[in-house]
1. Compute all pairwise cysteine Cβ distances in the chain, then list the cysteines with no distance under 4.7 Å to another cysteine.
2. Please arrange V166, V80 by counting, for each residue, the other beta carbons lying within 10 Å of its beta carbon, fewest first.
3. Hey, which lysines would be in cross-link range of K25, C-alpha to C-alpha under 28 Å, not counting anything within fewer than 8 residues on its own chain?
4. Hey, fewest Cβ within 10 Å first, where do M150, M84, M221 land in order?
5. Simple spin-label model, 7 Å along Cα-to-Cβ: W173 to Q70 in nm?
6. In debye, nearest 20: dipole of the chain around its Cα centre with unit charges on the Cβ of K, R (+) and D, E (-)?
7. Once the piece of chain linking E39 and D193 is laid out straight, how much longer is it, given 0.36 nm per residue of separation minus the C-alpha distance between them?
8. What shape does the stretch 2-121 take by its C-alpha gyration tensor, where a ≥ b ≥ c are the square roots of the eigenvalues and a/c under 1.5 counts as rounded, a/b above b/c as prolate, and the rest as oblate?
Amino acid sequence: MAETLSALLKAPGVAGFDEVSYDDKERLFEQVNTDMRFEDYLYGCYECGICVAVCPSARFYDFSPRRIAQAVAREDVELVYQQMEEDIWECSQCFSCVRCPRANNPGGIILIMREVAINNGMASAKQALEGYSRIIYKIMSTGTQVSPDMLQPDAFPDWGPEVKDVSDNLDLWRRMLPPETMHTTSMSWEVADKTLVELYLIWFETGALDMIKQVDEGLHMILEELMEERLEEMGIER
Ligand code: SF4
Ligand code: SF4
């Protein structure tokens, strides 16, 4: 668990791969391959590259779901650790790679690796999620997604010039995203109280809220308070 791992994993900035002990890397790997979903996500790898051919992230980054599947299949502890520090954050979690003829789910393996990285407060997880606190807040507090018209420079100053580019060309972006969406700040869908309560309870009980604490304590505090207050208002006891 997080407490037993080297403090180096949590150092601000990515620790050098050699500075983290092999034992710590092995413990992280064990957390990945003992996850209850793991055996459904990996059956071995033909090295055919079909997952790479369909992977959108592989087109834009030095990233390959095949390399991930091979590293975990070969139990290459060093490489899996390196991938948890770098590669796994390039995946867009689209799951196109489930076309794998060996029935692997590389995106699912990456999801487990990300969860392990977050649960252990790895620096790479904190860095990857740094700019997303508002999005996490919106999704977890309201149960809806971030609407495209929320992407404005004043709301996301830490996103740099990209967010200005998006907001300047919002009409164009929205026309490019079929089907036409009504997901704007003023028109996003209503989430029923019952659904919201269920979501809050799921996030509490599954430990999803605890995961936020590992990467952003301030955000965790705000969300926990908000959810507990709302549950109390609705007469729900945890
Ligand atoms: S598609 Fe499946 S078998 Fe082929 S390289 Fe990817 S993970 Fe391996
Ligand atoms: S889930 Fe990740 S690895 Fe799989 S195709 Fe999508 S981006 Fe690529």
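1. C45, C48, C55, C91, C94, C100
2. V166, V80
3. List returned: K10, K126, K213.
4. Values: M150 18, M84 25, M221 12.
Going from sparsest to densest Cβ surroundings: M221, M150, M84.
5. 3.6 nm
6. That gives the chain a dipole magnitude of about 920 debye.
7. Full extension from E39 to D193 adds 51.8 nm.
8. Cα axes put the stretch 2-121 in the prolate bin.
Bear in mind these aren't lab numbers, they're just calculated from the coordinates by the rules spelled out. Keep in mind it's a predicted model, so treat the numbers as computed, not measured. We place every Cβ from the backbone using ideal geometry, glycine too, and count neighbours over all the protein chains shown.
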